[in-house]
Amino acid sequence: MSAKFAVFAPNPILEALKARLREMALEARASRNQASVADDEVRSLDKEARIAQAEIFLAIRDERQNRRPDRYERQLELREWEVAGEPFDVDFAARLVRIASLKCGRRSRRYSEEKAIEASSGIKFQDLPAIERRAVEIVLGRRRVAKNNRMEPASRIANQVRREWLTPVPPVRRNKGRPISISSIVRVAVPILDQLAGKPIASGIPTSRDLLSMKPAGMAALFAIVQLEFGERSPFESVYEALLEFRREQTARS
């Protein structure tokens, strides 16, 4: 396989963070609606979670820039960010491509978003025609957009999916220097987590290190963020203590 088309293994900590952020968005929406979340709301929930992730990573990056010498920052800008792997599984990407195809009128008349979502239900990659299959491969990064012809049908559909679903999120960088402090990470990440959850995230020291099953979801997300900076053997007690200190500071200011 050519290196430029290689599929990189996803970072398990990053994948756990994505899952817990999505869970927080789902719980917040269900709480506001006092009912289960409908299928047509899943798209906006995924977008909320991706935006929160982007804001957290950017806030940590800004914190790091404020603490490191200019020379280091100039060197850091020359390094490429890690590739985090495919954003969707192939069948979910197939459904997004079919929605985009229907909305842009590729197959027949233009569909409204609601009708396109309804008509694409149950679509699998194997069900798609050749043009839509190429669009899926572009969305997943397995194929490039048509060179010098962005209006080529598959490229056009894939670009619409990217615009609507792939909110730019800085991938995790390899840490080449000293990490910023846990208290700094807590200070910049927790307000974003609180906003996503619709309330202050619950605190507690977990009995398990499994980020996918750890409760509550907000603390699991915070531990995942710290692990991305410090590695899998992050001091959980220090995260909990930093959160308590941050809450005390919030109370004192209010």
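Bear in mind these aren't lab numbers, they're just calculated from the coordinates by the rules spelled out. In this text the structure is predicted, and so the values were computed from the model without any measurement. For neighbour counting, all protein chains shown are included, and Cβ atoms are generated from backbone atoms with ideal geometry for every residue, glycine included.
Fewest neighbouring Cβ atoms within 10 Å first, the residues Lys124, Lys47 line up as Lys124, Lys47. Note on Glu15, Glu132: ascending count of other Cβ atoms within 10 Å places them as Glu15, Glu132, the fewest first. Loop-resident GluC sites (Glu not before Pro) (DSSP state other than H, G, I, E or B) in the stretch 186-254 with no more than 10 further Cβ atoms inside 10 Å of their Cβ: Glu232. Placing dummy labels 7 Å off each Cα toward the beta-carbon, the span from Lys147 to Ser208 is 5.0 nm.
The simple Förster model, with R0 at 22 Å and r as the Cβ-Cβ distance, assigns Glu113 and Ala54 a FRET efficiency of 0.40. The modelled label-to-label distance between Arg163 and Asp91, using points 7 Å beyond Cα along the C-beta direction, is 3.0 nm. Computed from phi, the 3J(HN,Hα) profile of the stretch 112-123 under the Karplus parametrisation 6.51, -1.76, 1.60 (θ = phi - 60°) reads 5, 4, 4, 5, 5, 4, 5, 6, 8, 4, x, 5 Hz, with x in place of Gly and Pro. The magnitude of the dipole of the stretch 90-165, with charges of +1 and -1 set on the Cβ of Lys/Arg and Asp/Glu and taken from the Cα centre, is near 360 debye. Exposure proxy ranking for Val161, Val239, based on other Cβ atoms within 10 angstrom of each Cβ and starting from the fewest, stands as Val161, Val239.
Note on Phe236 and Arg253: their simple-model spin labels are 2.9 nm apart, each label 7 Å out from Cα toward Cβ.
With a threshold of 22 Å on the Cα-Cα distance, the over-threshold entries among Lys115/Lys147; Lys18/Lys147; Lys47/Lys115; Lys103/Lys147; Lys47/Lys199; Lys103/Lys124 are Lys115/Lys147; Lys18/Lys147; Lys103/Lys147.
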